[in-house]
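The values are calculated or read from the model by the stated rules, or taken from the named source; none is laboratory data. Because the structure is a prediction, the values reported are computed rather than measured. As a convention, Cβ positions derive from the backbone with ideal geometry for all residues, glycine included, and neighbour counts pool all protein chains shown. We work out accessible area using only protein heavy atoms, side chains counted, and drop any ligands, DNA or RNA first. Shrake-Rupley method; radii C 1.70, N 1.55, O 1.52, S 1.80 Å.
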Amino acid sequence: MEANIAVAMKGVRKRLDTFEIGTIDLQLEEGFVYAVVGPNGAGKSTLFSMLMNGLKPDQGQVQMFGMDYEQDDVMIKRRIAYASNRQMWEEAELSTVKDLVDFESLWYPNWDSNQFTNLVKKFGIDRNAKLLKMSTGERQRLSIAVALAKNTDLLIMDEATNGLDFMTSKIIVDQIGKFMDNDGRTVVFATHILDEIKRLADYIILQENGVIKGIFEKDELLSTTKAYWIERLPEQGEQTPGVIRVDLTGRVTGPVRIITSQVQATESELIRQQIPIISVESLELDEILSFYMENN
């Protein structure tokens, strides 16, 4: 059976002043959590804005759930919830939290008032608070509570948890886990917080300089990317099958540390060359991601 596609971008390009996104070709299946990872200025927020139809691509096509914004804008947006640390509610002339709830609940048929009430209580948000007087952290927490209460098919979060305290982040991670308990739901989120990526993501999307550098299944990435200490450098050096880095640690001869993304291919080559393996190390996710950023 053909997989249902939540997000499809084909041949997408977008220029903003001197910065350009693309060309992006991307298909995200329903039912998974995707973490978009990259340095500041990689183009993540621009990417998300195109997914929400806030920005239109200069070239290419963006489809959500197999639909185009041009024909199905309202239908698509009712299936998507968006949370960010840069919400602009005042542009919709909303003054208080109550105004915001009244407005959002009208647009989203699956709005869950009980869930929203529970979340704002956990987050310590006053339902009568004025939006303009809320702190940045309060606005972030409110943005996430509103997004989760919409009970949509797709949740997009653009660095929505950055700067929040540990306990709040834990509540949010737990709530996203519950959100995904419903079949067919999809999450796409950008974050610099590695723990969130490790706990939530099924797939990691690497983005840099406006380009998607790769999509990787997280558990496979962790299991197939290893560091090997070996007795000598292989004949092909960094061209050894699977090897993405060689660290001579300042020595010409003696033990060498190599990083491989294909454990079986590298081990087979080491056996063929009769190079003894001294030890094998698992790597932290941040180290793995840095290698892939450099080598893709």
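Within segment 93-104, not a single residue is among the aromatic types (Phe, Trp, Tyr) and either under 25 Å from the mean Cα position of the chain (by Cα) or on the phi > 0 side of the Ramachandran plot (or both). Of the strands (runs of 3 or more DSSP E) lying entirely inside segment 212-296, none contains at least 2 residues that are within 30 Å of Ala42 (Cα to Cα), open to solvent by 60 Å² or more (accessible area, probe 1.4 Å) and small (Gly, Ala, Ser).
Within segment 186-203, how many residues turn out to be of a type in the set (D, E, K, R), open to solvent by 30 Å² or more (accessible area, probe 1.4 Å) and either modelled with pLDDT under 95 or over 22 Å from Gly43 (Cα atoms) (or both)? I'd like the intermediate steps shown before the answer.
Initial filter on segment 186-203 (of a type in the set (D, E, K, R)): 195-196, 198-199, 202.
Next cut, open to solvent by 30 Å² or more (accessible area, probe 1.4 Å) only: 195, 198-199, 202.
Filter once more, so that each one left must be either modelled with pLDDT under 95 or over 22 Å from Gly43 (Cα atoms) (or both): 195, 198-199.
Number satisfying all stated conditions: 3.
If you go through segment 60-95 and pick out every residue that is surrounded by 16 or more Cβ atoms within 10 Å (Cβ to Cβ) and either among the hydrophobic types (A, V, I, L, M, F, W, C) or modelled with pLDDT under 90 (or both), you end up with 12.
Of the residues making up segment 1-25, those that are in contact with a helix residue (DSSP H, G or I) (Cβ under 9 Å, 6 or more places away or on another chain) and within 18 Å of Tyr69 (Cβ to Cβ) are Val7, Met9, Val12, Lys14, Ile21, Ile24.
Considering only residues in segment 1-40 that are out of contact with any His (no Cβ under 9 Å at 6 or more places or on another chain) and without any contact (Cβ under 8 Å) to a residue 12 or more places away in the chain, the one that is nearest to Gly210 (Cα to Cα) turns out to be Thr18. Number of residues in segment 30-59 that are in a strand (DSSP E or B) and crowded, with 17+ Cβ neighbours inside 10 Å equals 5. In summary, Arg86 fulfils each of the numbered conditions (1) farther than 26 Å from Met50 by Cα; (2) assigned to a loop (DSSP other than H, G, I, E, B); (3) charged (D, E, K, R) with the single exception of condition (1).
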